[in-house]
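First comes the structure, then the notes that go with it.
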Amino acid sequence: NSYGLCRYNDILQSFDFINNHRCYGNTSTNFSYFCYGCYSLTKLPDSLDTSSGTNFNNFCSNCYSLTKLPDNLNTSSGTNISYFCQNCYSLTKLPDNLDTSSGTDFSYFCFNCRAITKLPDNLDTSSGTNFNRFCYSCALT
């Protein structure tokens, strides 16, 4: 269970903490609050294994300095993607191949991500049932 693994860890500025807490080859399905409130975190490691994840609620919420998500971030089994990157003010884009095809709850998805100007062309929200405040306060053009 990766629930709240890095939660409120303001001093997390390297990958050492994530590396030492078995986030590679992870069999957890719950990535809820995974890096919630890691204010100084700028990026996640490319080899972060989220392939078994079904719950990505608040995955990186309130990571104010996060500029990049791994290009190979696997959310293909995620049904709850609500508050996914809420308040990630520095995040400029989502990975082009972000698979959200299983997602049903997209409420507050990328809420207040002020630097995101465009969503990936292939972002699949066709299974979604809740889009409350979806990308609200983003700079989408």
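The values are calculated or read from the model by the stated rules, or taken from the named source; none is laboratory data. Source: prediction; values computed, not measured. Glycine gets a Cβ as well: all are built from the backbone with ideal geometry, and neighbour counts include every protein chain shown. Note: areas computed on protein heavy atoms with side chains; ligands, DNA, RNA excluded. Shrake-Rupley method; radii C 1.70, N 1.55, O 1.52, S 1.80 Å.
At-a-glance table
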{"item": "Some residue of region 77-84 being at positive phi, of a type outside the set (S, T, N, Q) and either surrounded by fewer than 17 Cβ atoms within 10 Å (Cβ to Cβ) or without any contact (Cβ under 8 Å) to a residue 40 or more places away in the chain (or both)", "result": "yes"}
{"item": "Every residue from region 107-122 that is touching a Ser or Thr at 6+ places or on another chain (Cβ under 6 Å) and open to solvent by less than 60 Å² (accessible area, probe 1.4 Å)", "result": "107, 108, 112, 115"}
{"item": "Region 93-102, residues that are under 13 Å from the mean Cα position of the chain (by Cα) and either open to solvent by 70 Å² or more (accessible area, probe 1.4 Å) or of a type outside the set (Asp, Glu) (or both)", "result": "93, 94, 95, 98, 100"}
{"item": "Hits in region 124-137 (condition: part of a loop (DSSP other than H, G, I, E, B) and open to solvent by 30 Å² or more (accessible area, probe 1.4 Å))", "result": "124, 125, 126, 127, 129, 131, 132, 133, 134, 136, 137"}
{"item": "Lone unmet requirement of (1) out of contact with any Gly (no Cβ under 8 Å at 6 or more places or on another chain); (2) more than 20 Å from residue 74 (Cα to Cα); (3) at pLDDT below 80; (4) open to solvent by 20 Å² or more (accessible area, probe 1.4 Å) for residue 21", "result": "(2)"}
{"item": "Matching residues, region 59-72, being open to solvent by 10 Å² or more (accessible area, probe 1.4 Å) and assigned to a loop (DSSP other than H, G, I, E, B)", "result": "62, 64, 65, 67, 71, 72"}
